[in-house]
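Asker: Dropping a structure here in structure tokens format, bear with me for questions.
Any read-out appearing in this document is the output of simple, stated calculations on the displayed coordinates, not a laboratory observation. What you see is a predicted model; the values in this text were computed from it and never measured. Note that each Cβ is placed from the backbone with ideal geometry, even for glycine, and that neighbours are counted across all protein chains shown.
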Amino acid sequence: MPPDRNHLIDSLPPIERTRLLAVCEPVLLVLGDVLCECGAAARHAYFPSSGFISLVARVERHAGLEVGLVGREGMLGTPLLLGLDVSPVRAQVQCRGESWRVAAPALRRELAASEALRDHLLRYIHVLMTQLVTAAGCMRYHPIVQRLARWLLMGQDRAGSDRFHVTHELLAGLLGVRRVGITIAAGALQRQGLIRYHRGELSVLDRAGLEAAACPCYAGDRLLYARYLA
């Protein structure tokens, strides 16, 4: 598995990158697998190189709500960077792929030994926290079609492919809306020639058009990432 497929690992100084990879192991991300439950101990950190993982918040008496996505731009296991070991979200694979995985004790040793690694990953926490704040406002104020376009762009970025598997039912649950809302929004994007959707297989046909259809949150997230982690 090439290390340059995870941006956080690839952008480390060579010595820190080599040390971190030495304690990692390659694993498959299997669609539907739960890597960590909300409130459970975080035993590993993951640095995906393809595919992506949904971060799902638990809401009492309601289905879970997706609050973030982690793919090759980032990592799963940020509580470990803060000296904690309890996950605040449910982490579930939504697009199959591959990842580097490191056990919590090994990651803690590397963080203690390397200020450069620690500073680099703490910047990622800042970016992720800012994106979560943006997502809260996005869910409250932006129309479903704009939010759907944003999610599809985020999924495409992390999947590393113009095509991936996702159902209307899943999207409705992740975005916290009724299924009919997703059907209407996806239909609008499809009529504009931006996407093609058939039996759970979604293809992005016009990325520039999809970016124009998305809310400003998508472009803002990319600028934030470039500012702190490029």
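Asker: For residue 61 and residue 108, what is the calculated FRET efficiency with R₀ set at 30 Å and r taken between the beta-carbons, to the nearest 0.05?
Answerer: On the way: r = 36 Å, r/R0 = 1.21.
E between residue 61 and residue 108, to the nearest 0.05, is 0.25.
Asker: List the relative contact order of region 143-214 as a percent without decimals, with contacts defined as Cα pairs under 8 Å and 6+ residues apart. Please report the intermediate quantities before stating the final value.
Answerer: Details: 87 pairs, mean separation 30.8, N = 72.
In percent, rounded to a whole number, it is 43.
Asker: Compute the length gained on full extension between residue 125 and residue 196: take 0.36 nm times their separation in residues and subtract their Cα-Cα distance, giving the result in nm to one decimal. Please report the intermediate quantities before stating the final value.
Answerer: Numbers: separation 71, 0.36 × 71 = 25.56 nm, distance 3.43 nm.
That pair, residue 125 and residue 196, stretches by 22.1 nm at full extension.
Asker: Fewest Cβ neighbours within 10 Å first, please rank 139, 129 accordingly. Could you put the intermediate results ahead of the total?
Answerer: Details: 139 16, 129 12.
The most exposed by this proxy come first: 129, 139.
Asker: I've got another one for you. Please work out the FRET efficiency for the pair residue 211 and residue 165, using the Cβ-Cβ distance as r and a Förster radius of 25 Å; give the result to the nearest 0.05.
Answerer: Values: r = 22 Å, r/R0 = 0.88.
For R0 = 25 Å, the calculated efficiency reads 0.70.
Asker: State, as an integer percentage, the relative contact order of region 79-166 based on alpha-carbon contacts under 8 Å between residues 6 or more apart.
Answerer: Working: 26 pairs, mean separation 27.0, N = 88.
About 31 percent, as a whole number.
Asker: Once the Cα atoms of helix 115-141 and of the chain are each reduced to a long axis, what angle between those two axes, in degrees from 0 to 90 to the nearest 10, is obtained?
Answerer: Rounded to the nearest ten degrees, it is 20.
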